[in-house]
Amino acid sequence: MEQVDVAVIGGGQSGLAAAHTLRAQGLQPVVLEASEQAAGSWPHYYDSLTLFSPARYSSLPGLPFGGDPDRYPHRDEVVAYLLRCADRLDADIRTRTRVREVRLEGGAFTLGLEGGGQLAARAVIAATGTFGHPHQPDLPGLDTYTGTLLHAADYRAPEPFDGQRVVVVGAGNSAVQIAAELSGRTRVTLSARHPVRFARQRILSRDLHWWLARTGLDTLPVGRFLSTPPAQLVIDDGRYRAAVTAGRPDRRPLFTGIDGTKVTWADGSTEEVDAIVLATGYRPDLGYLATLGALDATGHPRRREGMSLTHPGLAYVGLEWQRSLSSNSLRGVGRDAARVARRLAAHLSHA
């Protein structure tokens, strides 16, 4: 069986940041990415996605994003940037390699790979993030809905919904962006249990992220004190608030029931709905750790600031609020990765 220093499960921003910081500690990481590209989940986001943070705040350690630092990069620019990071990274990156399970055998981790292969590692970083585990909440009557039902993870573009009646469930960034985009081609309702809360993208001529960095809020280590992540604010340059105010999309409380394709609203009215898009977030994509006993009953890791509380040598990178507001973002994942890499290096030096 092949033996490696550190197995990094997952590519994309989290896996590449982890590998870079591990190399800086003198370790030899192997990155195992299930998809066809080292860019991880980024190529699979919807076509119109753009970053909320300017390019100057959107770099991984070791390589500036490049170009106009004040622009907001498009999804495809992020993909190209991550592939440049992978090309420059002195690490073994193996795409199309999915980890099925992780076990502890004889003091080392054994990774079972899809297709039957195995790999032994002295340490493991789980960097798979959340995109592979879309969350579908228990909503009234949703299990009886017979129309088109999809999660935002499967949404790409508005054209397939032309002329349809669509409900987008959610109140965060993806929900508002998708609903506003669809409203240009069809009738859309944005529906959620909670109101949409907007945050201005620019304050006193400065981008929000300038203020977050200047005040230290972006790196404040409060993640360990949060039992559940706070409600997501919709970062807005003025367009989305204006669209919702104008009723494109319109805004309604969550529906109270569904019968076939007929949705019942809180005011008792009903109507036929062709499609429901769930922009209801994600959960940690860590199923491969289930047999290891590293997760709690809800599938969340037992950890503190990225280090496992159950298994020395196991760590995490890229979790939401892992340590701070920016932990699962391009601008912040490198800081968390560096912290984890230092602790793993210290652990392995005494192992």
For residues that are within 27 Å of residue 295 (Cβ to Cβ) and without any contact (Cβ under 8 Å) to a residue 40 or more places away in the chain, scanning just segment 62-106, find the one that is surrounded by the most Cβ atoms within 10 Å (Cβ to Cβ).
105
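Just wondering, is there one or more residues in segment 141-148 that are assigned to a helix (DSSP H, G or I) and surrounded by fewer than 16 Cβ atoms within 10 Å (Cβ to Cβ)?
First, the residues of segment 141-148 that are assigned to a helix (DSSP H, G or I): 142-144.
Filter once more, so that each one left must be surrounded by fewer than 16 Cβ atoms within 10 Å (Cβ to Cβ): 143-144.
Yes, segment 141-148 contains at least one residue that is assigned to a helix (DSSP H, G or I) and surrounded by fewer than 16 Cβ atoms within 10 Å (Cβ to Cβ).
Could you list, in sequence order, the residues of segment 294-344 that are β-branched (Val, Ile, Thr) and in contact (Cβ under 8 Å) with a residue 60 or more places away in the chain?
Within segment 294-344, the first condition is being β-branched (Val, Ile, Thr), and the residues that meet it are 298, 310, 317, 333, 340.
Hits for segment 294-344 are 317, 333, 340.
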Does any residue of segment 111-129 turn out to be buried (at least 16 other Cβ atoms within 10 Å of the Cβ), in a loop (DSSP other than H, G, I, E, B) and among the small types (Gly, Ala, Ser)?
yes
Matching option when the condition is in contact (Cβ under 8 Å) with a residue 12 or more places away in the chain, loosely packed, with under 15 Cβ neighbours inside 10 Å and outside any strand (DSSP E or B), among 291, 280:
291
What do you reckon, is residue 104 touching a Ser or Thr at 6+ places or on another chain (Cβ under 8 Å) and farther than 28 Å from residue 180 by Cα?
yes
Can you tell me which residues in segment 300-351 are more than 17 Å from residue 223 (Cβ to Cβ) and in contact with a His (Cβ under 8 Å, 6 or more places away or on another chain)?
312, 313
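Given the structure, is residue 48 within 20 Å of residue 177 (Cβ to Cβ) and of a type in the set (Ser, Thr, Tyr)?
On the way: within 20 Å of residue 177 (Cβ to Cβ): yes; of a type in the set (Ser, Thr, Tyr): yes.
So residue 48 passes the test.
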Does residue 172 qualify as being farther than 22 Å from residue 271 by Cβ, at pLDDT below 95, in the same structural domain as residue 266 (by TED's automatic domain parsing) and surrounded by 15 or more Cβ atoms within 10 Å (Cβ to Cβ)?
yes
Selection over segment 175-190 where residues are over 22 Å from the mean Cα position of the chain (by Cα) and either β-branched (Val, Ile, Thr) or part of a strand (DSSP E or B) (or both) yields a count of 4
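Residues checked against (1) over 14 Å from the mean Cα position of the chain (by Cα); (2) modelled with pLDDT under 95; (3) outside any helix (DSSP H, G or I); (4) closer than 23 Å to residue 283 by Cβ:
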position: 320; (1), (2), (3), (4): no, yes, yes, yes
position: 324; (1), (2), (3), (4): yes, yes, yes, yes
position: 327; (1), (2), (3), (4): no, yes, yes, yes
position: 334; (1), (2), (3), (4): yes, no, no, no
position: 337; (1), (2), (3), (4): yes, no, no, yes
position: 340; (1), (2), (3), (4): yes, no, no, yes
position: 344; (1), (2), (3), (4): yes, no, no, no
position: 347; (1), (2), (3), (4): yes, yes, no, no
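The values are calculated or read from the model by the stated rules, or taken from the named source; none is laboratory data. On a predicted model such as this, the values are computed, not experimentally measured, just so you know. Methodologically, a virtual Cβ is constructed for each residue, glycine included, from the backbone with ideal geometry; neighbour enumeration extends over all protein chains shown.
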